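Asker: Submitted below is the structure of interest, expressed as structure tokens.
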Amino acid sequence: MNRKHFISTIAGATATAVAGAGAIAAHSVEPGENSVSLIKAPDHKVKRGVALYSYQRALKSHSVTLENCIEELSDIGAYGIEAIGQVIIKDYPNPSDRWIGEWWEMMDKYGTTPVCYTNFHDQWLQKSRPMTTAENLEHQMIDFNLGRRMGFTKFRMLVGTPIELMEAAIPVCEKLGLWMGLEIHAPVPFSSRLIERILGLAEKHPDAIGLLPDMGIFQKYPSPSAREQQIAQGTLTRDIALYIEDAYRKGLDKAEVVSRVKGMKPRPGDTSYADMVYSANPEDPKDLIPIMKYCRHIHGKFHEMNKGSDYTDARIIYDEVVPVLMQYGYDGYICTEFEGQRFMDAGTDEFDQVRRQHVMLKRLMGK
Amino acid sequence: MEEKYILKYGFRNVYQAGRITGFQFKFVIPYYRGIYLSCLDEFSVKVDGENFSLNNVSIKIGERIFPWKEVDVAYDVFWTYGDPATVIVSKPGGLETGLHTIELGMFIRKSYIVWTDPEGIYDFVIPPLPKSELPDKDPRYGFQTFSDQLSLVI
């Protein structure tokens, strides 16, 4: 089944309904005829937030505190928090009531809101066998309860979370008012049996289960930092690399580019660079439209913002995805996750990268 | 930007009843979250080229010390993200004052990842393999090694 066929069969009715509603609620920043003020609140429901994972190096080295990070979210107007319980909770899985109290004091002080709890389900706690579904559910309650104590109502379930567990957890979530979103993370294709299974459950239990797109699925371009590292290591030639990237952006045929590179006295790294650049296979942002009503959170993965005052993502087509979210009525947060630590050079800073992404998002979203 | 996991502080000989019974050093988790200690799946310690048997190795998390054979079943012990763990190695007489090369290896079991897939719904990722066929073939297996030179004073 190809992607179009899949979308039309699985969520066809939904697509029509959502697209219709979206047309009415279309994003507009133009002042209306009778507008007095030049400032008009943008007409969409997309909100900005940050996944604290973005600051993982700073948190790990204890060069900043959790409170420093929460204050920073407030300072950039990204009031929604996504967090990994197993990273930020002091004395996980048994934090003291005092620690939970301090968490709520920070929310009050900085005006932030707990939005999404990233859930690592440790089904292979034992070396010899995975947990049974009953054991899985019992173990899952640790995170559900921790998340609830901290005010999180949405749970990002990672690819690999057993389907049987998610199915078994639906009644619990309905009772407790929690929502589980299975992440759509590369290389999970939109058209897969996994997504199909979740959509089937989401249609019946939309308040308990759904999908949580990771913006990494819209990655289209190679990493400038990785390119510079390869050039510095002498495995890649700058002129050839830049030619390949430029040709790719212009939509030139790969065969033509490879043939031209052959005439440029390439090193082995140059030839494989063309393969790498052309291997990107981003999803189409419009494929979000039919599933949007089942998406209550978005994981704003990114690896690298362009340097200087450009404020554009070097790799992921946010400029194409965000307008679709605004126009088709996505109601929720995009929580930024900076994940480019491995490629950072000495001049890169996690806080600066997140700020750069939020300048971009604010410009795209109008708020 | 490379991250350091073996720490420059905390390296010393271990004294018991006036005798040096071994040495210790500290490291932080080479991972992006904390883990239940039972997920520390494999481990190796080599100092100045000498491999130490895991029978002589203990891991200290917080104030609790676990001989290696107890790590496997430490299902309820959580190694907090960013908090150093201490490796304690039995070696009567300990190490000499001066420079030592420490080589540390470990496999952290990715406990949330699909290792079995009876319904075949993860076939777009990688076909899960029986664990008996690990470690060579499965990309989910990743034994990491780190080395650094540390100065021991006492």
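A short reminder: the numbers here are calculations on the coordinates, not readings from a lab. Since the model is a prediction, treat every value here as computed from it, not as a measurement. Positions of Cβ are backbone-derived with ideal geometry, glycine not excepted, and every protein chain shown enters the neighbour counts.
Asker: Percent of Cα-Cα pairs per 10 Å bin, from 0 to the last occupied bin, for region A:224-278, please list those.
Answerer: For region A:224-278, the pair-distance distribution reads 26, 61, 13.
Asker: Spin-label point model (7 Å from Cα, Cβ direction): what's the A:Ser279 to A:Trp104 distance in nm?
Answerer: 5.0
Asker: What does the C-alpha gyration tensor say about the overall shape of region A:55-156? Classify as rounded when a/c is under 1.5, otherwise prolate if a/b is larger than b/c, or oblate.
Answerer: Values: a/c = 2.22, a/b = 1.85, b/c = 1.20.
The shape class here is prolate.
Asker: Mind checking the angle between helix A:66-75 and chain A's longest principal axis? C-alpha axes, 0 to 90 degrees, to the nearest 10.
Answerer: Computed tilt is about 70 degrees.
Asker: Checking the a/c ratio against 1.5 first, then a/b against b/c, what shape does the Cα gyration tensor give for region A:263-367?
Answerer: In terms of gyration-tensor shape, oblate.
Asker: Output the antiparallel fraction of DSSP beta bridges having both residues in the protein assembly as shown, as a percent to the nearest 5. Mind dumping the intermediate values first?
Answerer: Working: 44 of 77 bridges.
The antiparallel proportion sits near 55 percent.
Asker: Quick one: among A:Gly263, A:Gly300, A:Gly177, which has the greatest mean-square fluctuation in a GNM of chain A with alpha-carbon springs under 10 angstrom?
Answerer: Evaluated over chain A, the most mobile residue of the options is A:Gly263.
Asker: Here is a further query. Taking square-rooted eigenvalues a ≥ b ≥ c of the alpha carbon gyration tensor, is region A:109-177 rounded, prolate or oblate, where a/c under 1.5 means rounded and, failing that, a/b exceeding b/c means prolate?
Answerer: Note, shape of region A:109-177 comes out prolate.
Asker: Principal axis lengths of region A:135-247 from Cα atoms, whole Å, largest first?
Answerer: Largest first, region A:135-247 extends 60, 30, 24 Å along its Cα principal axes.
Asker: For labels at B:Phe143 and A:Gln233 in the simple 7 Å Cα→Cβ model, what's the distance in nm?
Answerer: Here the modelled spin labels are 2.3 nm apart.
Asker: So which trypsin sites (Lys or Arg not before Pro) in region A:64-114 end up in coil per DSSP with only 16 or fewer other C-beta atoms within 10 Å? Walk me through the intermediate numbers first.
Answerer: Working: sites: A:Lys90, A:Arg98, A:Lys109; in loops: A:Lys90.
Answer by residue number: A:Lys90.
Asker: Skipping prolines and chain starts, which residues have an amide H placed within reach, meaning under 5 Å, of the one on A:Cys295, given they are 5 or more residues away or on another chain?
Answerer: A:Leu211
Asker: Comparing A:Ile81, A:Ile231, A:Ile195, which has the greatest mean-square fluctuation in the GNM of chain A with Cα pairs linked when under 10 Å apart?
Answerer: It is A:Ile231.
Asker: Using only the Cα atoms of chain A, what semi-axes does the equivalent ellipsoid have when each is the square root of 5 times a gyration tensor eigenvalue? Give whole Å, largest first. Before the final figure, lay out each step's value.
Answerer: Details: eigenvalues 228, 132, 123 Å².
In descending order the semi-axes read 34, 26, 25 Å.
Asker: Something else now. Please give the average number of partner chain Cβ atoms lying within 10 Å of the Cβ of each residue in A:121-133, rounded to a whole number.
Answerer: Neighbouring Cβ atoms belonging to other protein chains average 5 per residue here.
Asker: How would you rank A:Leu199, A:Leu242, B:Leu150, going from fewest to most other Cβ atoms within 10 Å of each one's own Cβ?
Answerer: Lowest count first: A:Leu242, B:Leu150, A:Leu199.
Asker: A follow-up question, please. Go ahead and estimate [θ] at 222 nm for the protein assembly as shown from helices alone: -39,500 (n - 2.57) per DSSP H run with n ≥ 4, summed, over the residue count, rounded to 500.
Answerer: -10000 deg cm²/dmol
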